[in-house]
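I have placed the structure first, in the form of structure tokens, so that the comments after it can refer back to it.
The values are calculated or read from the model by the stated rules, or taken from the named source; none is laboratory data. Every value quoted in this text rests on a predicted model; they were computed, and no experiment measured them. We place every Cβ from the backbone using ideal geometry, glycine too, and count neighbours over all the protein chains shown.
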Amino acid sequence: MGTPAESSTISSIRALASAPAEGAWAALGVGLLALLFLAVALWNGFPLIFYDTGAYVLEGLGHVFLVERAPVYAELLFLAGGAYSLWPIVAFQALLSAYVILEAARAEVPGLTLGQLLGIGAILTLLTGMAWYVGQVEPDCLTPLVVLGSWMLLFRQDRLGRWRSIVMILITGLAVACHPSHLGLICGLVLAAGLLKLVVLWRRRKRQETALPDPCMHGGLAGLGVALVLIVAGNFAMTGSFFLSKSGSVFVFARLMQDGIVKKLLDDTCPPEGNATYRLCNYKNRLKYRADAWLWGDSSFRSLGGFSGRQQQEEDRQMILDSLRRYPFLHVRAAIDDSVRQMLMFRTGDGIEPQEWVLEPEFKRMIPRQLNAYLGARQQKGLLRFHTLNLVHVPVGAISVLGLLLLIQHSWVLRRWDRGTLPALVLLALMGNAIICGTFSNPHDRYQSRVIWLPTLVLVLALARDRRALQPVPDI
């Protein structure tokens with residue numbers, strides 16, 4: 001038996017020898033996971049396209065600022081070589097997703113094997129809509145990374161170490177900056193963690209023992225800080241001005257129109273004749289009943305200036321404030337209805353359909369060398385069918401959400417608060433995403449389906465860590 005000094009030396013040598021092996025294992029795991037997540041796009045024959053993809057291509061490759069689109073994702077598309085191929089951007093998305101999932105899995109499942117990791121990836125690819133978002137030229141696949149990255153920074157930063165923490169901060173900040181809804185999401189998660197932090201500090205000040213998890217607030221705040229810098233810098237690079245967003249009121253206004261609040265306001269305030277209270281008084285009988293029809297269809301929105309119409313945006317904000325003063329309870333009821341509807345809408349495939357009638361002219365002008373491959377994809381040929389797929393994805397999503405509740409109950413009864421942080425934060429993120437998208441835009445399946453695979457991941461990780469995790473626990 002060696003001396004303590006010799007034992008310490010041997011342990012150090014073993015640690016140094018295992019570090020490259022662990023790094024190689026992690027790199028291999030990320031690469032294989034990324035390939036799994038790209039399976040749908042590869043089968044399609046071309047990265048999946050959404051209607052908004054054309055706007056990001058125009059903004060990123062044409063360097064044209066569009067009020068309704070986040071410049072950061074458009075610039076990322078440009079830096080990834082989108083003018084030559086759209087494959088690098090989806091490959092980058094797959095690698096980011098694979099890396100964050102690997103880190104989350106290593107934090108939750110001690111001794112995670114490569115086989116277990118690939119099994120997790122296969123379940124997510126086959127039973128959820130994850131791969132349909134990772135392989136799509138759209139920032140929706142980054143929404144779950146905001147959630148997982150926030151959880152790692154707030155509750156598992158001690159397991160990351162210095163450099164991996166920095167990487168996670170950068171990934172989380174980038175994911176937040178790529179879509180306006182992500183900023184509200186991370187703010188809500190950091191705020192919730194901050195309230196938990198206050199409870200922990202209060203109990204310690206009272207000299208009361210507590211097993212509550214102690215959030216690492218500087219990690220979450222660092223991710224938020226990186227996001228704010230990227231958003232402001234991206235907007236400045238495109239416009240020469242510093243701001244966060246210029247389109248928020250437009251989407252909220254369209255949702256209020258869909259809920260009938262705009263029509264009620266105009267009916268109550270527009271005079272029968274003479275000086276109109278609002279410019280929109282002249283169009284009150286031509287309003288749309290759907291927000292999408294108002295924003296993207298043949299509506300008066302365009303004749304009033306569209307997203308670039310400053311005067312109309314000012315009027316939109318004024319009408320929103322006026323209606324809030326007049327009908328506060330109507331606003332609350334509509335917001336709750338829309339949020340609940342959004343929470344329950346998560347079918348895969350929303351908007352993933354043939355779109356050449358909209359995007360072919362834009363692609364022909366911006367990325368002509370990719371046009372043939374785009375038109376030859378299964379998506380553009382109308383060969384994608386989601387009815388059968390959703391017979392699996394929708395029940396798996398619903399059952400997984402119920403499983404989150406069981407995991408939270410499990411940790412509550414056993415007082416294993418640390419194990420409850422991930423399911424609780426994911427459940428909070430699902431509700432927050434539904435409230436943000438349902439209230440500030442309007443309910444769509446894609447908004448919730450982009451994050452509904454997170455509960456499935458949480459359940460699989462819990463089962464990989466402890467097969468008894470989902471067994472009911474009696475109150476003790």
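Considering each of Ser249, Ser245, Ser241 in turn, give the residue that is of a type in the set (Ser, Thr, Tyr) and assigned to a helix (DSSP H, G or I).
Step by step, each of Ser249, Ser245, Ser241 is checked, and only Ser249 is of a type in the set (Ser, Thr, Tyr) and assigned to a helix (DSSP H, G or I).
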Residues that are among the basic types (Lys, Arg) and buried (at least 16 other Cβ atoms within 10 Å of the Cβ), drawn from the range 280-323: Lys284, Lys288
Being out of contact with any helix residue (DSSP H, G or I) (no Cβ under 9 Å at 6 or more places or on another chain), of a type outside the set (D, E, K, R) and within 22 Å of Val226 (Cβ to Cβ) is the filter here, so list the residues in the range 105-163 that pass it. Gly161, Trp163
Among the residues that make up the range 240-260, is at least one of them more than 19 Å from the chain's Cα centre (by Cα), closer than 30 Å to Arg156 by Cβ and either assigned by TED's automatic domain parsing to the domain that holds Leu61 or not small (Gly, Ala, Ser) (or both)? no
Inside the range 363-388, the number of residues satisfying the requirement of being in contact (Cβ under 8 Å) with a residue 40 or more places away in the chain and among the hydrophobic types (A, V, I, L, M, F, W, C) is 6
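Assess whether Asp316 counts as being in contact (Cβ under 8 Å) with a residue 12 or more places away in the chain, assigned by TED's automatic domain parsing to the domain that holds Thr269 and under 13 Å from Val252 (Cβ atoms).
Working: in contact (Cβ under 8 Å) with a residue 12 or more places away in the chain: yes; assigned by TED's automatic domain parsing to the domain that holds Thr269: yes; under 13 Å from Val252 (Cβ atoms): yes.
So Asp316 passes the test.
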Filter result for Trp163 (without any contact (Cβ under 8 Å) to a residue 12 or more places away in the chain, among the aromatic types (Phe, Trp, Tyr) and surrounded by fewer than 24 Cβ atoms within 10 Å (Cβ to Cβ)): yes
Filtered residues of the range 90-116 (kept if farther than 13 Å from Leu461 by Cβ, modelled with pLDDT under 95 and β-branched (Val, Ile, Thr)): Thr113
Of the candidates Glu68, Glu59, the one satisfying the condition of being modelled with pLDDT under 95, assigned to a loop (DSSP other than H, G, I, E, B) and surrounded by 18 or more Cβ atoms within 10 Å (Cβ to Cβ) is Glu68
Consider Gln311 against the criteria (1) assigned to a helix (DSSP H, G or I); (2) in contact with a helix residue (DSSP H, G or I) (Cβ under 7 Å, 6 or more places away or on another chain); (3) not assigned by TED's automatic domain parsing to the domain that holds Asn433: it satisfies all of them except one. Which criterion is unmet? (2)
Restricting the range 432-465 to residues that are hydrophobic (A, V, I, L, M, F, W, C) and closer than 17 Å to Leu344 by Cβ, the one surrounded by the most Cβ atoms within 10 Å (Cβ to Cβ) turns out to be Leu454
Criterion violated by Phe50 - all others in (1) within 30 Å of Ile120 (Cα to Cα); (2) among the hydrophobic types (A, V, I, L, M, F, W, C); (3) modelled with pLDDT under 90; (4) in contact with an Asp or Glu (Cβ under 6 Å, 6 or more places away or on another chain) satisfied: (3)
When you check Ala98 against the structure, is it over 24 Å from Lys381 (Cβ atoms) and either of a type outside the set (Gly, Ala, Ser) or out of contact with any Asp or Glu (no Cβ under 9 Å at 6 or more places or on another chain) (or both), yes or no? yes
Starting from the range 247-261, take each residue that is farther than 19 Å from Ile231 by Cα and list its partners that are part of a loop (DSSP other than H, G, I, E, B) and among the basic types (Lys, Arg), counting only C-beta distances under 9 angstrom and pairs at least six apart or across chains. Ala254/Lys288; Ala254/Arg290; Met257/Lys288; Met257/Arg290; Gln258/Lys288; Gln258/Arg290
Test: residue in the range 215-237 that is in the same structural domain as Pro180 (by TED's automatic domain parsing), loosely packed, with under 13 Cβ neighbours inside 10 Å, of a type in the set (A, V, I, L, M) and out of contact with any helix residue (DSSP H, G or I) (no Cβ under 9 Å at 6 or more places or on another chain): no
So is Ser247 among the hydroxyl-bearing types (Ser, Thr, Tyr), under 26 Å from Arg317 (Cα atoms), modelled with pLDDT under 90 and in contact with a Pro (Cβ under 9 Å, 6 or more places away or on another chain) or not? yes
Those helices (runs of 4 or more DSSP H) completely within the range 369-476 that have 2 or more residues that are of a type in the set (D, E, K, R) and within 16 Å of the chain's Cα centre (by Cα) are 445-449
Conditions (1) more than 19 Å from the chain's Cα centre (by Cα); (2) over 23 Å from Leu191 (Cβ atoms): number failed by Pro213: (2)
Which numbered condition Ala276 misses (of (1) exposed (fewer than 13 other Cβ atoms within 10 Å of the Cβ); (2) among the hydrophobic types (A, V, I, L, M, F, W, C); (3) without any contact (Cβ under 8 Å) to a residue 12 or more places away in the chain): (1)
